[in-house]
4 protein chains.
Amino acid sequence: MRMVVKVAVAGATGYAGGELLRLLLSHPHVEVGALTGSSSVGSRLGDVSPHLTPLADRVVEATTPEVLAGHDVVFLALPHGASAAVAEPLGPDVVVIDCGADFRLTDAGAWEQFYGSPHSGSWPYGLPELPGQRDVLAGSRRVAVPGCYPTTATLALFPAVAAGLVDGHDVVVVAASGPSGAGKSLKPHLLGAELMGSASAYGVGGVHRHTPEILQNLRVAGATAAAPTLSFTPVLVPMSRGILATCTAPLADPDLTPEAAYAAYAERLADEPFVQLLPPGQWPQTQSVLGSNVVQVQVTVDRAAGRLVAVAALDNLTKGTAGGAVQCMNLSLGLAETTGLPRVGVAP
Amino acid sequence: MRMVVKVAVAGATGYAGGELLRLLLSHPHVEVGALTGSSSVGSRLGDVSPHLTPLADRVVEATTPEVLAGHDVVFLALPHGASAAVAEPLGPDVVVIDCGADFRLTDAGAWEQFYGSPHSGSWPYGLPELPGQRDVLAGSRRVAVPGCYPTTATLALFPAVAAGLVDGHDVVVVAASGPSGAGKSLKPHLLGAELMGSASAYGVGGVHRHTPEILQNLRVAGATAAAPTLSFTPVLVPMSRGILATCTAPLADPDLTPEAAYAAYAERLADEPFVQLLPPGQWPQTQSVLGSNVVQVQVTVDRAAGRLVAVAALDNLTKGTAGGAVQCMNLSLGLAETTGLPRVGVAP
Amino acid sequence: MRMVVKVAVAGATGYAGGELLRLLLSHPHVEVGALTGSSSVGSRLGDVSPHLTPLADRVVEATTPEVLAGHDVVFLALPHGASAAVAEPLGPDVVVIDCGADFRLTDAGAWEQFYGSPHSGSWPYGLPELPGQRDVLAGSRRVAVPGCYPTTATLALFPAVAAGLVDGHDVVVVAASGPSGAGKSLKPHLLGAELMGSASAYGVGGVHRHTPEILQNLRVAGATAAAPTLSFTPVLVPMSRGILATCTAPLADPDLTPEAAYAAYAERLADEPFVQLLPPGQWPQTQSVLGSNVVQVQVTVDRAAGRLVAVAALDNLTKGTAGGAVQCMNLSLGLAETTGLPRVGVAP
Amino acid sequence: MRMVVKVAVAGATGYAGGELLRLLLSHPHVEVGALTGSSSVGSRLGDVSPHLTPLADRVVEATTPEVLAGHDVVFLALPHGASAAVAEPLGPDVVVIDCGADFRLTDAGAWEQFYGSPHSGSWPYGLPELPGQRDVLAGSRRVAVPGCYPTTATLALFPAVAAGLVDGHDVVVVAASGPSGAGKSLKPHLLGAELMGSASAYGVGGVHRHTPEILQNLRVAGATAAAPTLSFTPVLVPMSRGILATCTAPLADPDLTPEAAYAAYAERLADEPFVQLLPPGQWPQTQSVLGSNVVQVQVTVDRAAGRLVAVAALDNLTKGTAGGAVQCMNLSLGLAETTGLPRVGVAP
């Protein structure tokens, strides 16, 4: 006997929604139920997302309680601020997994500072790799899926924080990303002619909304600095998908060797099914994890600069959003955490 | 009870070999056996192909009869001319699926003209969608996997030929392709700096080796022209993977309507699991099929020009090589043809 | 004493307008005057087009007769249909060079069929390389700049037509292009995430508006077919700029040799300053002409297919639009045709 | 009367050599003389570098004293270690401008640590924007052109250092770059199929050779830290050209406002012809400076992180190498510094 859960996706026609469906279609315990949208209601899914071949003739419905009723799991891939109203009528027994930001931050002040709206509260944070977090997520009926940059930066840095190699002060993260993280927004700077052949920084100077989320994760991982600080700069580069985060932090011990840093990472990542610490000397590249739920990590020590340097690569739509969300669903439902999630990238 | 076949890949470190392994790793009836190479013998696979996470610690062996012995299926992803010598000692009971060109052409003269070497003979041609070809491939112990351009052009045109909409004379095919089809060759024109931001034609004027193979397929599909002819031009464009073939041919009936052409395609493609005829008005794009075994097809009629125009998009490494090869393995082994093959592209 | 002309650009904030300004800034006889727009009126040019460093602080004005008055030359880079109303009040002495389609076609019926609006008439056609066209353009006060695809296809094919190698029947053109030709339009399929890593056909089946324009040019070049026909398919590929057109046509003489075809091209292109016939065996690539006003051309004969094959590469914004427009301005003003126009591409 | 200098390029067939020729061809005081290479000796330049249309029929000569004799200026674009032997026989009166690393570092120990070979000495450092450096370069007969990353990072940071906003300790630079900076090397990781759609870090952990060069520049700019330190990470991204450097450093004054930082930059960059401080709020993108000699810079303050953040974008082959070299030649010859150098990028 095989368990089958019925799954709805609210916001099915965006990039995150499309990636959820790609993964759910090959999940052995999932039956794809309602697909909802807003401006695309009534459209054939194949017209909007022509890669979803098996669902091409499905029609996009409105995001209403009636349409979403009767599912075991509902994924939300909605604009920020919309999740609470959609989730509430679903009731406490339905597993609701929110790919938006609404329930990620525990600190209402940080929320209000960065999002400029009232705080909705917080749900269990869907990063199973964070120390202690698998227990929180097991059986949880509500999950806030992390942002794509926080997933990348956290998976690069948490072993160093947890092992006390760095204490969380003066962390610097610069992350190159493709534009799919920005969604299917019709903005001039997201046009292909503008992006191809170009790199640009945005959200510079501590204003990007993922900044407090990364700091929150460093605290959860055990940052001992009185006040962890982070300089975070996202950089848009010409690839559809992928994030490569370069993360550095001052060494707690100026004599830490690269070998010792590597060993600490190896110990903490040994049992992680989706975090692959590369062999010493090999550095991550986003192509290797395209379409997979794997994040590749490497670490070294720059003694002259007094900093630990960790680099992580993932696919922002897979491990960075939809794959991470399915991983959380698996934990919530008591399935093996890796069920239905690809571990091989589409390279080259 | 589940059937498990042991599969070796000769030429495992090239792009075709890597894609075979990506697909075989998620095939429910496959155990991945020996991985062989030439210049990479002794390397850890993860150093050469970092996306193959689950096989990262496997070591590349030499391509010898001893190493390849004891497998149920052996895939060959070798340079042209090398397959016969590797296949022969494997014996007639092993399924040998050759991704190279050696056994594709039935006409020794065409082989010698285009490849400049003696003809090795021909094996059953691994394009199940060609009329009658599934029966040939069922249970076959030898398969010659088609070239990536011939797969694309044939799947765009065979319904028209089979339905008598065109007779195979004066066919013109221009196909845009990413450079992964050229393999991991260290040639200056394949450098990233040369390719990014640039489109270029090559093999122009009827000299590309896939020309006689496409013509052979049109004949198999039922071309009635006394002598089918083809002007084929490949164009290199800046994307790692993908082929988009624009195929035109003179109309047998100058009054053919687009609707009638579409209906003929719909009829012939109705039961094809991997050929998706898009709804009228929607045209193929390679992104939609990235990493999947699907080919998307559309057709129309240009009455003023007197030509049928068909366009097909596929991933040259998946349906165009390794996915097609696995599809043939399924037929050879009596498995469901679609087993283990992705039908959803990694988009955007 | 140096002649200086004052030049206005109407539609200065689009891609064609920006490219005009890039070229005009290095033109030794030009003073850049009014820059006009529509939705961007009042903007600082540097905010809209940050590459135009020397004009960063200029402010975009409205496209009115008052603003455009007092210039010697006015370039129009406006949406189709808008040029006539802007040009009329400028008076007959001002040189008006229209980068839009409005005045390109001489055949009112073709215009109405493809553009679905009343015909505005026609102006001297701004392709100096067409036989006899330099005389028409010398001193002309009105110029209709060709479309980017017609420039490419015509420069690839006119020597063959003019030399009688082909007669203009059953021409097939497939042209790969970057999205900048579509302008800065906020359409989903022009988003970077959609375009990167993807190739797609559009305007298939004889419906693209550049089809009648290419046919018109073949007639001007001397096509002798009773009714020239063209199957034209544009293909979008992931590069900001560039067009690579693959053009084939049935041979008038089935025994034509590649050498004879090349010699005919060499003879007709010998004195062309911007059309570079590559040495035999070298094929065009768009990168080589990026940002330059050069078009690279190569030709061969496919005897088995009975077709001449010519390939041309250009930058759609330079030679394909703004560079061609400046070349016409030079002819109109009696300057050396090559004045101020780059002949070296930005490669790699 | 117009001054004309005869210029040779040693290493003319690489990417830096090709870019030098692109710029020299439009320089009003330059006559292009000998073009030399090594493996390409005897080749037609047009076969190797098809974008250099006006020089297509020139033949590559050997890099010998005889071939290089009789020129006023010789540019060296040679592999590291080769410059001294080529420069010596040219004599002290010839202007020699070295695009390689050999003479950049003044500290022999740093040279030996990072390059692993004996130090050749140092030449005047070709970054005119560094405080005091224009005087050094005026009339100099030897110039060491900076590395591409050091040019970018230095132009982003020197105003902050010179104004005392930061003191040079704990600087962190992460720079995204296209692969043309690596030259035309036939290495697997530089293949187009590997690079397109992928971002990867390399030279991580303080080992990249540009690290001591950036530190040297910060000292020249006035770094007051007892020992300036730098964590530098280069990241390869999928674009042919361009560097975007994100540079952060601890604030000397924790209460520094963004406005005060901007004002300090504005003051120090006011007269720089090629450094464009963007208006507040606009951030650099590499596309805007493609093919131009301009570097775009922006700065802000992240008070919460206690760091100044400066971002710079340039074209690694133009301002980052060949354009910077021509700028130095202008200074050496007493020409206006901006002569022959483009200030408008090829965008989009």
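The values are calculated or read from the model by the stated rules, or taken from the named source; none is laboratory data. Values in this document were obtained by computation on a predicted structure and should not be read as measured data. Heads up, the Cβs are rebuilt from the backbone with ideal geometry, glycines too, and the neighbour counts pull from every protein chain shown. Surface areas here come from the heavy atoms of the whole protein model, side chains and all, with no ligands, DNA or RNA. Shrake-Rupley method; radii C 1.70, N 1.55, O 1.52, S 1.80 Å.
Assuming a viscosity of 0.890 mPa s and a temperature of 25 °C, what translational diffusion coefficient in µm² per second does Stokes-Einstein assign to the stretch D:31-147, Rh being the Kirkwood radius over Cα pairs?
158
Per residue, how much accessible area does the protein assembly as shown show when a 1.4 Å probe rolls over the protein heavy atoms, in square angstrom?
Values: 42200 Å² over 1392 residues.
Per-residue value: 30 Å².
Helix D:323-333 sits at what angle to the longest principal axis of chain D, using alpha carbons and giving 0 to 90 degrees rounded to 10?
Rounded to the nearest ten degrees, it is 70.
Going 7 Å from Cα along the Cα-Cβ axis for the label, what nanometre distances separate D:THR224 from the same residue across the other copies?
D:THR224 label point versus its equivalents elsewhere: 3.4, 8.5, 9.2 nm.
Run the label-point distances for C:GLY132 please: 7 Å along Cα to Cβ, every other copy, nanometres, shortest first.
In ascending order, 5.5, 7.1, 8.7 nm.
Treat every Asp and Glu Cβ in the stretch C:193-305 as -1 and every Lys and Arg Cβ as +1, leave all other atoms uncharged, and give the resulting dipole magnitude about the Cα centre to the nearest 20 debye.
In total the dipole reaches around 320 debye.
Given the C-alpha centroids of the stretch D:167-241 and the stretch C:215-244, what is the distance between them in whole angstrom?
45
Once the label point is placed 7 Å from Cα along Cβ, list for A:ALA336 the distances to the corresponding points in the other copies, in nm, shortest first.
2.0, 7.2, 7.5
Let me confirm one metric for peptide B:180-188, namely the mean number of other chain beta-carbon atoms within 10 Å of its residues' beta-carbons.
That works out to 4 on average.
Nearest 5 is fine: what % of DSSP beta bridges in the stretch C:149-314 come out antiparallel, could you say?
70
Can you say what percent of the DSSP beta bridges in chain A, counting only those with both residues inside, are antiparallel? Round to 5.
45
Round to the nearest 10 and report in Å² the accessible area of B:LEU190, as given by a 1.4 Å probe over the protein chains' heavy atoms.
About 10 Å², rounded to the nearest 10.
What figure in square angstrom, to the nearest 10, would you give for the accessible area of C:ARG268 with a 1.4 Å probe?
C:ARG268 has an accessible surface of roughly 80 Å² with all protein chains in place.
Note the per residue figure in Å³ for the convex hull of the C-alpha positions in the stretch C:247-348.
108
For chain C, with a Gaussian network of springs between Cα atoms less than 10 Å apart, report the residue from C:SER292, C:SER198, C:SER140 with the top mean-square fluctuation.
So, out of C:SER292, C:SER198, C:SER140, the one fluctuating most is C:SER198.
What percentages, rounded to whole numbers, describe P(r) for the protein assembly as shown computed over all alpha carbon pairs with 20 Å bin width beginning at zero?
Bins of 20 Å from zero give 10, 38, 39, 13, 0 percent of pairs.
If you count the DSSP beta bridges with both ends in the protein assembly as shown, what percent of them are antiparallel, to the nearest 5? Write down the numbers at each step before the final one.
Details: 102 of 218 bridges.
Beta bridges within the protein assembly as shown, antiparallel portion: roughly 45 percent.
With springs connecting C-alpha atoms under 10 Å apart, model chain D as a Gaussian network and identify which of D:ALA225, D:ALA153, D:ALA101 has the largest mean-square fluctuation.
Judging by the Gaussian network model, the answer is D:ALA225.
Rounded if a/c is under 1.5, else prolate if a/b is larger than b/c, else oblate: which is the stretch A:191-305, with a ≥ b ≥ c the root eigenvalues of its Cα gyration tensor?
Numbers: a/c = 1.81, a/b = 1.30, b/c = 1.39.
Oblate.
Once a ≥ b ≥ c are taken as the square roots of the eigenvalues of the Cα gyration tensor of the stretch D:80-189, is the result rounded (a/c under 1.5), prolate (a/b larger than b/c) or oblate (a/b not larger than b/c)?
The shape class here is oblate.
At 1.4 Å probe size, what's the solvent-accessible area of A:MET3? Round to the nearest 10 Å².
A:MET3 exposes around 70 Å² with every protein chain in place.
Select from A:ALA144, A:PRO212, A:PRO238 the residue farthest towards the positive end of the dipole of chain A; place +1 on Cβ of Lys and Arg, -1 on Cβ of Asp and Glu, and compute about the Cα centre.
A:PRO238
Roughly how many Å is it from the Cα centre of the stretch D:61-76 to that of the stretch C:272-311, as a whole number?
34
Can you pull the mean other chain C-beta count within 10 Å for peptide C:37-50?
That works out to 2 on average.
For the stretch D:138-164 and the stretch A:106-141, what is the separation of their C-alpha centers, rounded to whole Å?
Measuring centre to centre over Cα atoms gives 45 Å.
May I ask you to list the lysines whose Cα is less than 27 Å away from that of B:LYS187, ignoring any residue fewer than eight positions away on the same chain?
Counting by Cα, and skipping residues close in sequence, B:LYS187 has these lysines nearby: B:LYS319, D:LYS184, D:LYS187.
What is the magnitude of the charge dipole of chain D about its Cα centre, with +1 placed on the Cβ of each Lys and Arg, -1 on the Cβ of each Asp and Glu, and no other charges, expressed in debye to the nearest 20?
540
I'd like the mean, over residues of B:225-233, of how many other protein chain beta carbons sit within 10 Å of each residue's own Cβ.
Per residue, the average neighbour count from other chains is 4.
Would you mind giving the total buried accessible surface between chains A and D, with a 1.4 Å probe and ligands, DNA and RNA left out, rounded to the nearest 100 Å²?
3100
Taking chain A as the reference, fit the longest principal axis to its C-alpha atoms, fit the long axis of helix A:15-25 to the helix C-alpha atoms, and give the angle between the two in degrees, 0 to 90, nearest 10.
80
For D:LEU191, which sequence-distant residues (separation of 5 or more, or a different chain) have an amide H within less than 5 Å of its own amide H, given hydrogens modelled in the peptide plane?
The answer is B:GLY192.
Please label the shape of the stretch A:140-199 as rounded, prolate or oblate, based on the square roots a ≥ b ≥ c of the eigenvalues of the alpha-carbon gyration tensor (a/c under 1.5 means rounded; beyond that, a/b larger than b/c means prolate, else oblate).
Since a/c reaches 1.5 but b/c is at least a/b, the shape of the stretch A:140-199 is classed as oblate.
What is the log10 of I(q)/I(0) for chain C, computed with the Debye formula using one identical point scatterer on each Cα and no solvent, at q = 0.11, 0.13, 0.16 Å⁻¹?
Taken in order of the listed q values, log10 I(q)/I(0) reads -0.69, -0.98, -1.48.
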